[in-house]
1. I want to check the label-to-label distance for residue B:22 and residue B:34. Put each point 7 Å from Cα in the C-beta direction and report it in nm to one decimal.
2. In peptide B:88-94, what is the residue-averaged number of other protein chain Cβ atoms found within 10 Å of each Cβ?
3. Which shape class, rounded, prolate or oblate, goes with chain B when its Cα gyration tensor gives a ≥ b ≥ c as root eigenvalues, a/c under 1.5 marks rounded, and past that a/b bigger than b/c marks prolate?
4. What is the packing order of peptides A:79-86, A:208-215, B:55-62, taking the mean over residues of other C-beta atoms within 10 Å and listing the highest first?
5. Over chain A, what is the relative contact order in whole percent, taking alpha-carbon pairs under 8 Å and six or more residues apart?
6. Find, to one decimal place in angstroms, the Kirkwood hydrodynamic radius of the protein assembly as shown, where the mean of 1/r is taken over every pair of different Cα atoms and then inverted.
7. In whole Hz, what ³J(HN,Hα) sequence does the stretch A:2-19 give by Karplus (6.51, -1.76, 1.60; θ = phi - 60°), x for Gly and Pro?
8. Where does each of B:153, A:154 land when they are ranked from fewest to most other beta-carbon atoms within 10 angstrom?
Amino acid sequence: MPALLRKRLGEVLRSLAPLLALVALLQLLVVRAPAAEFAQFLAGAVLVALGMVLLLAGIDLGILPMGRYIGAELPRRGSALLIVLSAFALGFATTAAEPDVLVLAAQAQAAARGALSAQALTWLIAAGVGACAALALLRIVLGFPLRLLLAAAYALVLALSLAAPAGFVPLAYDAGSVTTGVLSAPVLLALALGLSAVLAGRSPASDGFGVLGFASAGPIVAVLLLGLLAG
Amino acid sequence: MSAAAVLAEALATARSVLVAVLPLVAFFLAMQALFLRLPAKEVWRMLAGAALAALGLFLFLLGVEVAFLPFGRLAGQALGALPGAWPLIAAGVALGFVTARAEPAVAILAGEVENASGGSIRAPLVLAAVCAGVALLVGVGMARIVFAIPLLYVLVPGYVAVLVLLWLSKGEFAAIAVDAGGVATGPLANTFLLALALGASSAAGGRDPLTHGLGLVALIALAPMLSLMALGALLRRKELRKEA
């Protein structure tokens, strides 16, 4: 365990060093924030580094194996319905619980002038993520080409962006980024990788990826559709 | 920042971490009870890992709020007040690169890509492509603030390019690229770069920071899709040429 943390500490310091160096340079040359404010930045940066070490170690030790076990177990049950339901449940639950989604839903409700309650919108976004995650896993099971699915999703996103009222567009794309919490991203990823590792004729390298990206198209479409209906 | 403010922030962060972790753990425990039936030792090890991840996420998010949110705003205001657009755009490019490099979910994705591909796609290559893409589009995002360019003028050509590159790129790169688009918009980018953009657009003056500062997240999500798919397309051309 200490060896694992020490290895992570090295990685974290290497990944944070360029950011911290650049911030220090900006502080010296341009920003010149008061000493107290810069001290607050430094204290926060220590928290960030420490948190990243524990987070990455914990994801390796707990979160990724959980996702992999679930992803490898689901196809053994021989039921596509179970896979689809699990993906939907996981996508829905992790999104509906995300606090960012509630903040976003409140903004969208204001833009839609109360056409939909913030709570209903939260469920709509979560259902968009769940449905897309389920569809993306079903694609792995059925062997449907990912390219076609992605092309259809982005063509729909483009068409709706041009048609929806302008106020909803930035909001919709922001909603797309909520699917990818630091914890839900590795779980969905591990689920897809586990699934494609045990299915015959699939390989994790070519079939395991794409679920996260596809899932983030769900809420974009959901919010743009809301805009069309409200506008 | 006062002690009371830090405490309130800590409570809100703790709550958001709990609601992020609990559904995952509950789902896993349900699977364990119904189907998995793993040995208790293995289950405890994973639960300990999840607890460690939750504690780490709490410290990380709290640190981001305390350090990067206020400093991002100050930096955005200071850069936006400088004469000319170039200091802000250059700082956006540089900060976009180093922020993507520091984003934990990007590192996790790069590691999983290297694992799943058996080492044939190296993690540093994925990292470099993601960082380069984010750097470029944060630069574009800053230019958008200075010159008041509507978001759709950037997003529509961007997604059209994604649709084209999807067919030109190697299949696994296209899939990795869309996932990278998801993870690049992590907590660090969402607070630090967004605060930078909001600060810059308030310094630029006369513009509604809500419509001009927002939308940067959409550009950051688009960035790695473009850069990784472009890399995939280059690699495919090279392969085709070798075969010919």
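Taken together, the values in this text are just the output of simple stated rules run on the coordinates, not laboratory data. For clarity, every value in this text was computed on a predicted model and none was experimentally measured. We place every Cβ from the backbone using ideal geometry, glycine too, and count neighbours over all the protein chains shown.
1. 2.0 nm
2. 1
3. oblate
4. A:208-215, B:55-62, A:79-86
5. Normalised by residue count, the contact order of chain A is 26 percent.
6. Details: mean 1/r = 0.0448 Å⁻¹.
Evaluated over the protein assembly as shown, this radius sits at 22.3 Å.
7. Karplus values, whole Hz, x for Gly and Pro: x, 5, 4, 5, 5, 5, 5, 4, x, 4, 5, 4, 5, 7, 8, 3, x, 5.
8. Numbers: B:153 10, A:154 21.
Least to most surrounded, the residues fall as B:153, A:154.
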